[in-house]
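Only the coordinates and a few stated rules stand behind these numbers; no lab work does. As the structure is a prediction and not an experimental result, all values here were calculated from the model. Please note: Cβ atoms are built from the backbone with ideal geometry, for glycine as well, and neighbour counts cover all protein chains shown.
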Amino acid sequence: MTNPSADTAIVKLEDVHLSFGQTQVLKGIDLTINKGDAVSIIGPSGSGKSTILRCINALVQPQSGRITVDGTRVDQLTKESERIALRKRVGIVFQQYNLFPHLTVLDNIVLAPTRILGVDRREAEKLARELLEKVRLSEKADAYPGQLSGGQQQRVAIARALAMKPELVLFDEVTSALDPETVGEVLWVIRDLIRDGMTSILVTHEMRFAEEISDTVVFTENGRIVDHGSPEQIFHNSDNPRIRQFVGGLSGGRGAVRDGEGI
Ligand SMILES: Nc1ncnc2c1ncn2[C@@H]1O[C@H](COP(=O)(O)OP(=O)(O)OP(=O)(O)O)[C@@H](O)[C@H]1O
Ligand SMILES: [Mg+2]
């Protein structure tokens, strides 16, 4: 949630244009995210939501515009070492958790801090156990990913991202592949992180969750940000018929946070 003492921009996209071949995917994206904010990006399939996240993490490069992350220009990084440095600061969690199946939960979390940050194994393990507690999986430290449910694997993936002590975390539809009954446990963990002040950008179809946890909601369509504002504005007071239709159609739909789940 918004921390009033820290309203400095941590991510800034300015007039970002990106095409894949002839296909224009981002057509002038402007977006500012302040430290400690939770921003949800919603919008129809193919509207460019994942591409925005991938730009912030330098997984793809726009043809024009500027992207800064905590003061660093990240849209024109040329060296792999610069991209790795960026990814130490920006965690990303995808729909597919991509854990290493041959490593235990603990080893999955310890791997990047020891290999990439050069953290001492004992220290990395201590942090990993703290993070497992945070995602409520302490008892699964020695299990292998194949022995966990989808929701549990996704929580390990979140712990793995946090093990790098990122300045912000990007979540790309992290509950979309989960059984409806395990969606809640993952949202619970993300909600805790946001409450702790982690700057978070979430692409999500969980409308009620987005409404509850976001400082700002951004609606994308056809490569543009059509509107952005408070959850109240976007979900309840938009005068844009397209947005009204979109949030109206999804707000009670599949995967929405259900009442009575206690999350
Ligand atoms: N690597 C790529 N090569 C070519 N086209 C791509 C590539 N990645 C994305 N696109 C196209 O860019 C457009 C935007 O894709 P993006 O994945 O950002 O959409 P999205 O809003 O995340 O959609 P969804 O809700 O389905 O995940 C789509 O038309 C997609 O087909
Ligand atoms: Mg996507």
Packing-ranked peptide list from 95-107, 188-200, highest mean Cβ count within 10 angstrom first, is 188-200, 95-107
Checked against a 24 Å limit on the C-alpha separation, the offending pairs among Lys35/Lys88; Lys35/Lys165; Lys12/Lys126; Lys35/Lys126; Lys35/Lys79; Lys12/Lys79 are Lys12/Lys126; Lys35/Lys126; Lys35/Lys79
The long-range amide H neighbours of Val93, using H built 1.01 Å from N in the peptide plane and a cut-off of under 5 Å, are Leu170, Phe171, Asp172
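Need one word for segment 48-194: rounded, prolate or oblate. Basis is the Cα gyration tensor (sqrt eigenvalues a ≥ b ≥ c); a/c below 1.5 gives rounded, then a/b vs b/c decides.
Cα axes put segment 48-194 in the oblate bin.
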Full extension between Lys79 and Asp120 adds, at 0.36 nm per residue less the Cα distance, a length in nm of 12.1 nm
Contact order relative to length for the chain, counting C-alpha pairs under 8 Å separated by 6 or more residues, stands in percent at 24
hull vol. (C-alpha, convex hull) per residue for segment 111-249, Å³ -> 129
Counting only residues 5 or more apart in sequence or on a different chain, those whose built amide H sits under 5 Å from that of Ile41 are Leu202, Val203, Thr204, Val218
Between Lys88 and Gln245, Cβ-based FRET efficiency (R0 45 Å, step 0.05) works out to 0.65
What the 10 Å binned alpha carbon P(r) of segment 1-92 shows, as percent of pairs per bin from 0, is 16, 48, 31, 5, 0
Over its alpha-carbon atoms, segment 64-116 yields an Rg and a Dmax in Å of 14.2, 42
In Å, the Kirkwood hydrodynamic radius from C-alpha pairs for segment 108-187 sits at 13.1
Magnitude of the Cβ-charge dipole (Lys and Arg +1, Asp and Glu -1) of segment 87-185 about the Cα centre, nearest 20 debye, reported as 460
Here the percent of antiparallel bridges among DSSP beta bridges lying wholly in the chain, to the nearest 5, is 55
A chain fully extended from Glu181 to Arg136 at 0.36 nm per residue, minus the present Cα-Cα distance, gains in nm 14.6 nm
Sorted by chain and then number, the residues having a modelled amide H within less than 5 Å of the amide H of His17, at least 5 places away or on another chain, are Gly28, Ile29, Gln63, Ser64, Gly65
Once Ser45 and Asn98 are pulled to full extension, the length gained, defined as 0.36 nm per residue separation minus their Cα-Cα distance, is 16.9 nm
Along segment 223-228, Karplus-curve 3J(HN,Hα) (6.51, -1.76, 1.60; θ = phi - 60°) to the nearest Hz, with x for Gly and Pro, reads x, 10, 8, 7, 7, 8
Quick calc: nm separation of the 7 Å Cα→Cβ label points for Asp192 and Ser149 -> 1.6
Taking every C-alpha to C-alpha distance in the chain and binning by 5 Å from 0, the per-bin percentages run 1, 6, 13, 17, 19, 17, 14, 8, 4, 1, 0, 0
Between Glu232 and Ser19, the FRET efficiency computed from the C-beta separation at R0 = 45 Å comes out, to the nearest 0.05, as 0.85
Counting Lys and Arg as +1 and Asp and Glu as -1 over every other residue whose Cβ sits under 10 Å from the Cβ of Gly197, the net charge comes to 0
Per the charge dipole of the chain (beta-carbon charges, Lys/Arg positive, Asp/Glu negative, Cα centre), the residue among Thr23, Ala9, Gln147 reaching farthest to the positive end is Thr23
